[in-house]
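Novice: My structure is below; once you've seen it, I'll send some questions.
The values are calculated or read from the model by the stated rules, or taken from the named source; none is laboratory data. This one's a predicted model, so the numbers in the text were calculated from it and none came from an experiment. Because the Cβ atoms are built from the backbone with ideal geometry, glycine has one as well, and the counts that use them run over all protein chains shown.
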Amino acid sequence: MKTIALLGAALAAALALGSARADVTVGVSLPLTGPTSALGIPAQNGIKLWPTTVAGEKLNVIILDDATDPTIGVKNARRFITEDKVDIIMGSAATPIAAAMSDVAAEGQTVQMMMSPVNLPPGKGEWSFRLPQSTAVMAVPIIEHWKKTGVKTYGFLGYADAYGEAWLADIGAAAEKAGIKRVATERFARTDTSVTGQALKIVAANPDAVLVVASGSGAAMPHKGLVERGYPKNKIYQTHGAASLDLIRVGGKDVEGSYISSGPAVVADMLPDSNPSKALGVRYINEYEKVHGKNSANQFAAHSFDAYILLEKIVPLALKKGKPGTKEFRQGLKDALETMGRTPVSQGVLNYTPADHFGYTPETGVLLTIQNGDWKVVPH
Amino acid sequence: MDLSIASILVLDGATNGAIYALMALATVLVFAVTRVIFIPQGEFVAYGALTLAMLQLGKVPGTMWLMLGLALLVAALDAAHRLRAGVAPAQLALGAGKTLLLPAAIGAVTWWAAPRQLDLVLQSVLTLAIVTPIGPLVYRLAYQSLADATVLVLLIVSVGVHFALTGFGLVAFGAEGFRNPSFWDARFSVGALSLSGQAIIIFTVSVALMLALWLFFERTLYGKALRATAVNRLGARLMGISTTGAGQLTFALAAFIGALSGLLIGPTTTLFYDSGFLIGLKGFVAAIFGGLSSYPAAALGAVFVGLLESFGSFWASAFKEVIVFTIILPVLLWRSFQHPHDDEEE
């Protein structure tokens with residue numbers, strides 16, 4: 001009996017201590033293994049560069065692997081809320097997992113910083129904020145350039161998946177507003193061996209520009225397919241999913257002179273000084289490449305870098321509402337995010353509102369062109 | 001659609017069809033001799049193309065380590081078996097040496113050659129030498145002890161081998177794709193058609209390989225032994241043909257054909273560590289045309305699949321794969337009407 005009472009007392013003391021601590025705790029769930037580990041691992045590298053304190057409070061970071069599995073992601077999120085009593089959940093970098101975790105975050109009334117641009121149905125995702133840009137925002141520089149160069153018609157050649165679908169919807173809406181007509185809509189898959197059929201159809205429709213929607217080195221094959229069918233290189237546009245050196249490595253001379261929409265972080269050193277993300281982006285590249293080597297900077301670690309910038313801004317505001325670990329503090333974090341106003345980060349300019357949890361303003365995206373195997377910023 | 005578009009599509013479909021035909025031949029061959037539905041056939045395509053890509057970069061390809069690791073495992077396994085059977089240690093060492101000699105030699109050559117970035121053709125030969133032994137080693141590890149199991153068990157093992165090989169591909173080559181340099185950069189214009197040198201190489205090599213296989217099966221003792229095993233395993237064994245040896249030879253051929261296909265399409269598209277699966281699967285659909293037993297029907301089926309794919313991607317690109325894989329249903333129906341009493345072999 002006595003032992004049990006003693007144990008109980010010890011447990012109560014431990015619990016009391018637990019709730020009395022003033023450390024800010026962040027629970028991170030990322031796909032460190034599985035098909036999307038190429039996104040999760042750099043994001044984790046970015047988080048590992050965080051300082052150990054935020055706004056004078058000690059910063060605890062718990063990183064768990066969700067193995068690109070929504071079930072594990074949800075389990076991690078529950079663990080963060082019930083066991084670790086975190087103040088903020090971060091992750092996941094894969095869309096289906098981040099979407100599944102958003103319900104848990106809302107239930108536990110804990111802010112979730114998504115590392116993926118998830119589209120959620122209205123009424124969902126009240127506690128979820130996105131760090132990557134939405135496709136609608138990334139379509140802005142492309143549409144602007146089309147308007148400027150007098151493009152009247154365009155063709156679409158995109159992945160037959162969620163990424164392609166999101167771009168089709170967003171570029172469609174923006175182009176329609178600008179009076180630009182889509183004359184061909186073709187699909188392909190990353191592992192296809194040829195796009196000859198699709199390219200023929202697009203070239204036959206003879207649009208003023210073609211948008212290729214694909215990711216990484218997968219964006220090179222359709223690009224080369226179009227060029228092979230005689231479509232001019234300088235009328236082909238690529239999305240931010242392809243804004244990596246892999247496109248240039250595989251695409252070679254066929255991608256020279258083509259255009260690509262990108263977040264500002266990876267090309268920060270080439271941006272004009274007037275760009276609000278320039279200073280932060282350069283700082284990110286320097287900090288990241290000091291640890292991980294030259295040309296290692298990438299958009300995923302940049303989102304992790306930006307998350308810390310947000311923490312620095314919202315933690316002091318929330319501390320006025322309550323101590324870390326309490327419900328008031330968590331509510332304070334959410335309110336701070338929704339009312340913080342225009343905030344430049346390395347990947348653009350954020351301005352979350354209660355209605356808009358994507359947050360990026362239209363000035364975010366940068367249009368790049370490829371010259372001599374490297375990026376070049378296209379001035380506005 | 002006019003004639004020029006149609007002819008471009010036909011050319012594109014036939015080029016891919018030639019690759020699918022090689023896949024289909026390998027699938028039929030493996031099934032006939034060992035009754036294994038070899039799903040990982042496509043993995044060797046990715047291995048072939050990506051091994052060459054690594055050699056191009058001057059790196060030692062991960063497939064070399066896979067080959068050496070598998071060889072070591074097989075040597076250890078064989079030694080354990082023989083030890084239990086009471087074989088003398090000297091013979092044990094000899095057996096292990098036999099298994100390890102060739103892989104070790106290939107490994108050493110790769111180690112020497114990789115940083116020297118030799119000529120493209122030499123690198124291709126080296127690629128074939130690295131990838132081909134993986135076939136029989138995989139057979140020894142995954143299938144040999146199950147050689148008499150049902151087709152279903154062997155199919156399940158194939159699924160496992162497929163996942164293991166794809167996973168290894170991700171570790172060895174990374175998530176990004178590669179495109180190899182062309183073997184022949186020339187282009188020939190015939191009217192609206194523009195024929196690339198690489199397409200000509202694909203056709204020539206495919207046809208040459210089919211002819212070589214035909215000669216192999218008709219004219220050589222080994223080929224005849226394989227055919228005998230395919231017709232009747234027990235009978236072949238009674239005639240003194242080693243079914244184990246036949247299985248290993250078959251898998252070596254399958255891996256060789258796969259790696260060669262990888263070298264052929266490497267310059268025409270971007271290949272990823274997981275690209276091989278769909279290519280192999282389309283070869284499988286083609287093999288179904290021949291009921292997994294007829295080589296000419298499988299080859300014709302492959303050309304048909306290639307054409308269907310290229311016209312499908314022109315008319316309804318979003319449904320291309322649906323069209324290609326749905327074709328399997330009417331084919332199965334037609335085959336089951338043709339051979340109503342074809343009982344499943346157990």
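Novice: Just to be sure before I move on: is A:ASP306 of a type in the set (D, E, K, R) and under 14 Å from the mean Cα position of the chain (by Cα) in the structure I sent?
Specialist: Spelling it out, A:ASP306 is indeed of a type in the set (D, E, K, R) and under 14 Å from the mean Cα position of the chain (by Cα).
Novice: If you don't mind, there's one more thing I want to ask. Under 9 Å between Cβ atoms, which residue pairs at least 6 apart in sequence (or on different chains) link something in the range B:167-190 that is free of Cβ contacts under 8 Å to residues at least 24 places away in the same chain with a partner that is among the small types (Gly, Ala, Ser) and surrounded by fewer than 19 Cβ atoms within 10 Å (Cβ to Cβ)?
Specialist: Here the result reads B:TRP184/B:GLY197; B:ASP185/B:GLY197; B:ALA186/B:GLY197; B:ARG187/B:SER194; B:ARG187/B:GLY197; B:PHE188/B:SER194; B:PHE188/B:GLY197; B:VAL190/B:SER7, each pair linking the range B:167-190 to a residue that is among the small types (Gly, Ala, Ser) and surrounded by fewer than 19 Cβ atoms within 10 Å (Cβ to Cβ).
Novice: So which of A:VAL151, A:VAL137, A:VAL118 ends up being assigned to a loop (DSSP other than H, G, I, E, B) and buried (at least 22 other Cβ atoms within 10 Å of the Cβ)?
Specialist: Only one candidate passes the filter, namely A:VAL118.
Novice: Which members of the range B:36-71 meet the condition of being surrounded by fewer than 21 Cβ atoms within 10 Å (Cβ to Cβ) and in a loop (DSSP other than H, G, I, E, B)?
Specialist: B:ILE37, B:LEU57, B:GLY58, B:LYS59, B:VAL60
Novice: Of A:ALA184, A:ALA139, which residue is more than 18 Å from B:PHE314 (Cβ to Cβ) and outside the structural domain of A:GLN109 (by TED's automatic domain parsing)?
Specialist: A:ALA139
Novice: If B:MET239 satisfies all but one of (1) within 30 Å of B:GLN123 (Cβ to Cβ); (2) away from every other protein chain (no Cβ under 11 Å), what's the number of the condition it fails?
Specialist: Among (1) within 30 Å of B:GLN123 (Cβ to Cβ); (2) away from every other protein chain (no Cβ under 11 Å), B:MET239 violates only (1).
Novice: Looking at the structure I just gave you, is B:ALA302 of a type in the set (A, V, I, L, M), in contact (Cβ under 8 Å) with a residue 12 or more places away in the chain and surrounded by 24 or more Cβ atoms within 10 Å (Cβ to Cβ)?
Specialist: yes
Novice: Name the residue that is nearest to the other protein chains (Cβ to nearest Cβ), counting only residues in the range B:129-173 that are crowded, with 17+ Cβ neighbours inside 10 Å and not in a helix (DSSP H, G or I).
Specialist: Checking each candidate, the answer is B:THR132.
Novice: For the range A:64-90, which positions are within 18 Å of the chain's Cα centre (by Cα) and under 18 Å from A:VAL24 (Cβ atoms)?
Specialist: Hits for the range A:64-90 are A:ILE88, A:ILE89, A:MET90.
Novice: Let me ask another. Every residue in the range A:77-91 that is buried (at least 24 other Cβ atoms within 10 Å of the Cβ), at pLDDT 90 or above and in contact with a helix residue (DSSP H, G or I) (Cβ under 8 Å, 6 or more places away or on another chain), please.
Specialist: Residues satisfying the conditions are A:ALA77, A:VAL86, A:ASP87, A:ILE88, A:ILE89, A:MET90.
Novice: Using beta carbons and a limit of 8 Å, which pairs, at least six apart or on different chains, have the first residue in the range A:50-76 and not assigned by TED's automatic domain parsing to the domain that holds A:THR33 and the second one acidic (Asp, Glu) and in a loop (DSSP other than H, G, I, E, B)?
Specialist: none
Novice: Can you tell me how many residues within the range A:121-133 are surrounded by fewer than 21 Cβ atoms within 10 Å (Cβ to Cβ) and at pLDDT 90 or above?
Specialist: Here the count works out to 1.
Novice: Search the range B:138-157 for residues that are more than 16 Å from B:ASP78 (Cα to Cα) and pair each with any residue that is assigned to a helix (DSSP H, G or I) and aromatic (Phe, Trp, Tyr) when their beta-carbon atoms are under 7 Å apart and the residues are at least 6 apart or on different chains.
Specialist: B:LEU154/B:TYR143; B:VAL157/B:TYR143
Novice: Going by the conditions given, is B:LEU77 more than 31 Å from the chain's Cα centre (by Cα), surrounded by 11 or more Cβ atoms within 10 Å (Cβ to Cβ) and in a helix (DSSP H, G or I)?
Specialist: When the stated conditions are applied, B:LEU77 does not pass them.
Novice: Yes or no: the range A:146-158 includes at least one residue that is within 14 Å of another protein chain (Cβ to nearest Cβ) and of a type in the set (Lys, Arg).
Specialist: Looking through the range A:146-158, none of the residues is within 14 Å of another protein chain (Cβ to nearest Cβ) and of a type in the set (Lys, Arg).
Novice: Is it the case that some residue within the range A:334-357 is in contact (Cβ under 8 Å) with a residue 60 or more places away in the chain, over 20 Å from A:ILE285 (Cα atoms) and over 18 Å from the mean Cα position of the chain (by Cα)?
Specialist: Yes, the range A:334-357 contains a residue that is in contact (Cβ under 8 Å) with a residue 60 or more places away in the chain, over 20 Å from A:ILE285 (Cα atoms) and over 18 Å from the mean Cα position of the chain (by Cα).
Novice: Now a separate question. Being of a type outside the set (D, E, K, R) and within 30 Å of B:LEU170 (Cβ to Cβ) is the requirement here; does B:ALA76 meet it?
Specialist: Answer is yes for this residue.
Novice: What residue, among those in the range B:5-27 that are farther than 18 Å from B:THR132 by Cα and surrounded by 24 or more Cβ atoms within 10 Å (Cβ to Cβ), is nearest to the other protein chains (Cβ to nearest Cβ)?
Specialist: Here the residue is B:ASP12.
Novice: Within the range A:267-286, which residues are touching a residue at least 40 places away in the same chain (Cβ under 8 Å) and either assigned by TED's automatic domain parsing to the domain that holds A:THR343 or among the polar types (S, T, N, Q) (or both)?
Specialist: Passing the criteria: A:ASN275, A:SER277.
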